[in-house]
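The values are calculated or read from the model by the stated rules, or taken from the named source; none is laboratory data. What you are looking at is a predicted structure, and each value in this text was computed from that prediction instead of being measured. So basically every Cβ, Gly included, is an ideal-geometry build from the backbone, and we count neighbours across all protein chains shown. All accessible areas refer to the heavy atoms of the entire protein, side chains included, with ligands and DNA or RNA removed. Shrake-Rupley method; radii C 1.70, N 1.55, O 1.52, S 1.80 Å.
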Number of protein chains: 2
Amino acid sequence: MTLDLSLLPDGGVPWLAASGEHADIVLSSRIRFARNVAGYAFTARARDGERLRVLSQVRDALPSVPSLAQAIVLRLDEMSVIERQLLHERHLVSKELAALDAGTEARSGAAVLVSQDAGVMINEEDHLRLQAFRSGFDLSGAFAAASRLDRELGAELPYAFHPEFGFLTSCPTNTGTGLRASVLIHLPGLVLTQEIGKVLQGLQQMGLTYRGLYGEGSEVIGNFFQISNQTTMGRAEEELTEHLARVVRRVIEQEEEARRVLLRDAGYIIEDKLWRAYGTLRHARSLPADEAMNLLSGVRLAVGLQLLSGLSVYTLNKLLIFSQTAHLSHDAGRMLTESEANLARARHIRQVLADEAGRAA
Amino acid sequence: MTLDLSLLPDGGVPWLAASGEHADIVLSSRIRFARNVAGYAFTARARDGERLRVLSQVRDALPSVPSLAQAIVLRLDEMSVIERQLLHERHLVSKELAALDAGTEARSGAAVLVSQDAGVMINEEDHLRLQAFRSGFDLSGAFAAASRLDRELGAELPYAFHPEFGFLTSCPTNTGTGLRASVLIHLPGLVLTQEIGKVLQGLQQMGLTYRGLYGEGSEVIGNFFQISNQTTMGRAEEELTEHLARVVRRVIEQEEEARRVLLRDAGYIIEDKLWRAYGTLRHARSLPADEAMNLLSGVRLAVGLQLLSGLSVYTLNKLLIFSQTAHLSHDAGRMLTESEANLARARHIRQVLADEAGRAA
């Protein structure tokens, strides 16, 4: 199968648009619900046939689920590793569903539904992982879309539910609401002023957790953090989401304050540092993934601080995602080695930035 | 006095033209003769009046010295420290003549004659330091010009000369021919392949010496070396010059070989490194002098290797000289602090490179 990305609305990543509130700091807001279909073993213990039946039950339900009316179905169990990794780079599927560890294949029945407003991972750790993304800081928008999807799908499928514990999930930490609310947030100001440690510590004290750009187990690179709730039980979904939103609003204020301090106390040092990052991205011939992420982070800050004009946050968001190895490999038609990917990444970034500079000039 | 640089033919630095043989590797060839006027104490021991008389004797002789027919006379004892430092940055006067140590003033009678082909420092360590520069590798051309000047001036002024020792000089290491032949050479290939140590050691075994961009006591920055003869006595001038020329020709071959090896064994690493240097020069907002020199060195190599087009060695040679602190201070009309100079240097280099890129596009 060749993954036709043009079939995906906005390539499946409309949340890159940098259109929402505080989009210079918050890339995206995401709500996901973990759900399982009653009558089947949890994914990890299910037989191939059970997982395939879960998938076909969801497909059969689609015509009655308005949220997924335009959805396309992507079967990971029929995809090459490049395609699976590409979907993961777009945050459309988890690392687990994409089966990215060396030598592993996606389990049969592994699939993802993608539409403009919401999507569903199928046969991930749970049978269903309903998710909705929004560009910028818009947890309530994402919550509304995910809840609507949850209601619509729940009307068609028998969810595994326990009157005392709530929604049952494969991992007990998800049991209850099955909700995870998260924001993908860019905090270079707090990193540069070395306030970040204190802020992250504060998050944990408030029952929140943070991860890297690609969720659980991923490293923090380029000053991008995923902040999310840690518990899913004992509180209502709205309450969990509003708690996260309140804390994130405070973090945004702290980041804005850090940026003001940087400009005031070290304006020309910061300006120089960020322009150098831009210069390297504009001209380097080989860019390792981590370095590219860090440089893009710097340039994203420069645009936020209005030190650098003629370059949009949208373009930078797209570069973050589209300059990753599976995207470059997909373009090349084969899996690139690390050094080939570094060359291709530098070429891609150079071209996009030169085009953008040309348009701005 | 305001130094009107436009009075100097090519700003006094026609050797930046990158027009001679092997100009991508050899910036310039220089011959100088140390001479003293009989009847006066050596400069360091001379009284003010003596030095002023030496100066006026030279000025009186000028109409009879065709090599200096177009020369302009620049009196360092009437200049600000910015102007003296600027002349030193152009290699027109030594650090000693320019009196650049903090709190010092140029000694009375300190002056320099500058014309297209040759010049004379007056009241340096010796009464007269005759010098001729050529762009690229052209020691014989420089030797011819300096010798002609020496003959013409020697016909007008009584040189201090001893039948056994030769020309007498303030420092005994210059006694004899009073000749110093040198080339200013760019050896990034030998530095990157780590062959440079061996090459420099070889020079010393052959009676040659090396220094940094600004001669005795100056650090080697940006892979620019001055290679010159160490002894001035016991051999004829031509022989000394030809010996240097032979050795330098061999060093040029070694540098060319090193560049071939670099391209063959590490082509894309080198290409990336040099383009990054270019990117930093194009976009940085603050550039310390040493860093600028090192980055310009990298870009100069890239142009030599034809990895980077649309940029001339001539432009890079000019940037090396004209982006130095006294030049930037002269433009600003006052001595810049180090951090001001770093900002001004980055601005100057950005502008020149953007203009050149615009012309090439």
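Annotations
- Alpha-carbon radius of gyration plus Dmax, which is the widest Cα pair, for segment A:314-361 in Å: 11.4, 36
- Going by accessible surface with a 1.4 Å probe and the largest first, A:Trp15, B:Trp275 read B:Trp275, A:Trp15.
- Extending 7 Å from Cα along the Cβ direction at A:Ser64 and again at A:Ala144 yields two label points whose distance is 2.6 nm.
- Protection proxy ranking, peptides B:53-65, A:137-149, average beta carbon neighbours within 10 Å, highest first: A:137-149, B:53-65
- Building the convex hull from the alpha-carbon atoms of segment B:165-245 and averaging its projection over directions returns 5.5 nm².
- Sorted from nearest, the other copies put their B:Arg249 label points 8.1 nm away, the label point being 7 Å from Cα in the direction of Cβ.
- Rounded Å value of the spacing that divides the Cα centres of segment A:133-187 and segment A:300-361: 33
- Checked against a 27 Å cut-off, the cross-linked pairs A:Lys198/A:Lys318; B:Lys198/B:Lys318; A:Lys95/A:Lys318; B:Lys95/B:Lys273; A:Lys198/B:Lys273 give Cα-Cα distances beyond that limit for A:Lys198/A:Lys318; B:Lys198/B:Lys318; B:Lys95/B:Lys273; A:Lys198/B:Lys273.
- R0 of 30 Å, Cβ-Cβ distance B:Phe165-B:His243: FRET efficiency to nearest 0.05: 0.90
- Kirkwood Rh in Å, taken over segment A:4-126 so that all alpha-carbon pairs contribute: 15.3
- Dividing the convex hull volume of the alpha-carbon atoms in segment B:256-360 by its residue count gives 91 Å³ per residue.
- The order of B:Thr193, A:Thr43 by accessible area, most exposed first and with a 1.4 Å probe, is B:Thr193, A:Thr43.
- Here the Debye sum runs over all C-alpha atoms of chain A as equal scatterers in vacuum, and log10 of I(q)/I(0) at q = 0.15 Å⁻¹ comes out as -1.34.
- Helix A:196-205 and the longest principal axis of the Cα set of chain A meet at an angle near 20°.
- Segment B:108-182: Rg to Rh, with Rh as the Kirkwood radius over Cα pairs: 0.96
- The alpha carbon centroids of segment B:24-93 and segment B:266-286 are separated by 40 Å.
- The calculated FRET efficiency for B:Ala102 paired with A:Met206, based on their beta-carbon distance and R0 = 60 Å, is about 0.55.
- All-pairs Cα distance distribution in the protein assembly as shown, expressed in whole percent, bin size 20 Å: 15, 35, 23, 17, 8, 1
- For chain A, the longest principal axis of the C-alpha atoms and the axis of helix A:289-304 are separated by about 70°.
- Helix B:313-322 and the long axis of chain B differ in direction by around 60°, with both axes built from C-alpha atoms.
- Approximating the spin labels as points 7 Å out from Cα along Cα→Cβ, the B:Ser339-to-A:Asp331 distance works out to 4.0 nm.
- Chain B holds its axis-closest Cβ, relative to the rotation onto A, at the residue and whole-Å distance B:Gly279, 2.
- Contact order relative to length of chain A, as percent, for alpha carbon pairs under 8 angstrom and 6 or more apart: 19
- Using just its DSSP H runs of length 4 or more, each adding -39500 (n - 2.57), chain A gives a mean residue ellipticity at 222 nm of -14500 deg cm²/dmol after division by all residues.
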